[in-house]
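The values are calculated or read from the model by the stated rules, or taken from the named source; none is laboratory data. All values reported here derive from a predicted model rather than from experimental measurement. Don't worry about glycine lacking a Cβ; one is built from the backbone with ideal geometry, like all the others, and counts go over all protein chains shown.
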Amino acid sequence: MKRLVECVPNFSEGRDAAKVDAIASAMSAVPGVYLLGRESDIDHNRSVITLVGEPEAVAEAAIRGVGKAAELIDLTRQKGGHPRIGATDVVPFIPIKGVTLDDCVTLAKKVGRAIWERYHIPVYLYEAAAQRPERTNLENLRRGQFEGLREEVLRNSDRAPDIGESQLHPTAGATVVGARKFLIAYNINLNTPNVEIAKRIAKKIRFSSGGLRYVKAMGVDLRERNLAQVSMNLTDFEQTPIHQVFELVKHEAEKEGVTIADSEIVGLVPRRALEMAAKFYLQIGNFSPERVLENCLEERLSSARDEGAATPAALAQPFIDVVARATPAPGGGSAAALAGSLGAALGQMVAGISRKKKSLAAHAEQLARMAEEFQNLSKKLAEGIDRDAESYESVVVAHRLPHETGEEQRRRDGAIQQAFRSAVDAPLSIARASVEVFDKLGQLERMAGPSMISDVRVGRMMAATAVRGALENVATNLKSISDAEFVKRARSEAGALASRIVESPAAAGR
């Protein structure tokens, strides 16, 4: 079963579409990530982007989004109606399929550490990932917003971040990362510009003031529309359904002498929430989800899909498309890692088939062991695809660090050197693993059946290409490293690895 996680990062920019485009592109460039929704609000000056995919892919996309937002958003100049402490204000992970809330907590902590290590942005953990009870609620962390927290964190240890130093990033602030159940961001707009009315209604309906359980609410001034808004987060729509919230706001608005102009959902909403509202308002006594045409059709189509399988071309195309984009990463290093992984996969296939053949029974145990070894190498090299792309991103981020003062220049220079070391280590790791694949395929060729020799040789060619490609990246990045001893060691290892994939003339001419 495919594992799916949703991530709904909130960015403190809702007026400059080009900036939001750049942030969305940085995240959607990660293979295996699907951008399902994107909404921006001018009054709030905030954008919400919805991502879904495998946990590791979504985590990487979120990290890259934080980095791009830090590059483009300056909180010392940003103003809007929504509270915020960061350029990327909040990054929640939500379990969708084959993933638990605890899995999302682990993911949130991993992402928080990566945000600090890559971008020097401190991180607070909230909801299920909170390290302290008082940090479960997001509003507690946002108290004072960026401007207030920037000063208080320097003198109040209670406000220190969970990850990173007690000093906010000068322009990107801090980021809140966590894990939670599905949340509905739901706003109701009132036919009045009087924001005090919206604030009074929000106070009456939110749980913290004695209102509805699982409801957070605040009043917001929508100056562009000349309306006041009750802005809400519904943290458990099955316990406190959306129609119940609407009815209570409507009731309180009537007591204030105003009406509802309209309501809006920010981001995505579960179909179940709308089904519950339909059942309530239409009073359908025999209602069930199976009576919804799309639900029934989806079930039938899902069953049909399970009976078949995606073609190899369909499986490969998403990665090909990502490499083809006009962005520098993933690039040659990631392509080399993929080549090595495919070489190992061919070895796994040949070993797996060969060990079942009666004619090769004498080698069955060794072939079974080799199949497992190829599987591990293929997985390691596949992980190298992301690692190489990440190492390039770290170089870019390091070059963008401030360098106006002497101290900032020293910190930037150190970060650049460390980033280039990582950009050498990543392809070196790819080369090491690919050499191992190359060697093992040579051993496999001596015992594989004649009909599969071509598969072994293609795999060996792929492994050799991976080594050469990875070492090209090593040589390029070493030119930017000032540590002579590091350069000497890396070049020595690169030379040794390159020498191990030189085939004999007879082998090369087969």
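For the reader, a short list of remarks on this structure follows.
Residue-wise test of (1) in the same structural domain as residue 10 (by TED's automatic domain parsing); (2) over 29 Å from residue 214 (Cα atoms); (3) in a loop (DSSP other than H, G, I, E, B); (4) touching a residue at least 40 places away in the same chain (Cβ under 8 Å).
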{"residue": "92", "(1), (2), (3), (4)": "yes, no, no, yes"}
{"residue": "105", "(1), (2), (3), (4)": "yes, no, no, yes"}
{"residue": "108", "(1), (2), (3), (4)": "yes, no, no, yes"}
{"residue": "117", "(1), (2), (3), (4)": "yes, yes, no, no"}
{"residue": "124", "(1), (2), (3), (4)": "yes, no, no, yes"}
{"residue": "129", "(1), (2), (3), (4)": "yes, no, yes, yes"}
{"residue": "134", "(1), (2), (3), (4)": "yes, no, no, no"}
{"residue": "154", "(1), (2), (3), (4)": "yes, yes, yes, no"}
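- Yes/no for residue 275 being closer than 25 Å to residue 7 by Cβ and modelled with pLDDT under 95: yes
- Looking across segment 383-394, the residues that are farther than 15 Å from residue 432 by Cβ and either outside any helix (DSSP H, G or I) or not polar (S, T, N, Q) (or both) come down to 385, 386, 389, 390, 392, 393.
- Screening residue 501 on (1) of a type in the set (Val, Ile, Thr); (2) out of contact with any helix residue (DSSP H, G or I) (no Cβ under 8 Å at 6 or more places or on another chain); (3) outside any helix (DSSP H, G or I) shows it passes everything except condition (2).
Quick grid of which residues meet (1) touching a Leu at 6+ places or on another chain (Cβ under 9 Å); (2) in a helix (DSSP H, G or I); (3) surrounded by fewer than 22 Cβ atoms within 10 Å (Cβ to Cβ):
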{"position": "404", "(1), (2), (3)": "no, no, yes"}
{"position": "408", "(1), (2), (3)": "yes, yes, yes"}
{"position": "412", "(1), (2), (3)": "yes, yes, yes"}
{"position": "418", "(1), (2), (3)": "no, yes, yes"}
{"position": "421", "(1), (2), (3)": "no, yes, yes"}
{"position": "425", "(1), (2), (3)": "no, yes, yes"}
{"position": "432", "(1), (2), (3)": "yes, yes, yes"}
{"position": "439", "(1), (2), (3)": "no, yes, yes"}
{"position": "443", "(1), (2), (3)": "no, yes, yes"}
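Residues are listed down the side, and each one gets a yes or a no for (1) surrounded by fewer than 21 Cβ atoms within 10 Å (Cβ to Cβ); (2) not aliphatic (A, V, I, L, M):
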| position | (1), (2) |
| --- | --- |
| 93 | no, yes |
| 98 | yes, yes |
| 103 | yes, yes |
| 115 | no, no |
| 124 | no, yes |
| 142 | no, yes |
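- Of all positions in segment 381-402, none carries a residue that is touching a residue at least 24 places away in the same chain (Cβ under 8 Å), more than 25 Å from the chain's Cα centre (by Cα), surrounded by fewer than 14 Cβ atoms within 10 Å (Cβ to Cβ) and over 30 Å from residue 59 (Cα atoms).
- Residue match in segment 349-371 (condition: touching a residue at least 12 places away in the same chain (Cβ under 8 Å) and exposed (fewer than 14 other Cβ atoms within 10 Å of the Cβ)): yes
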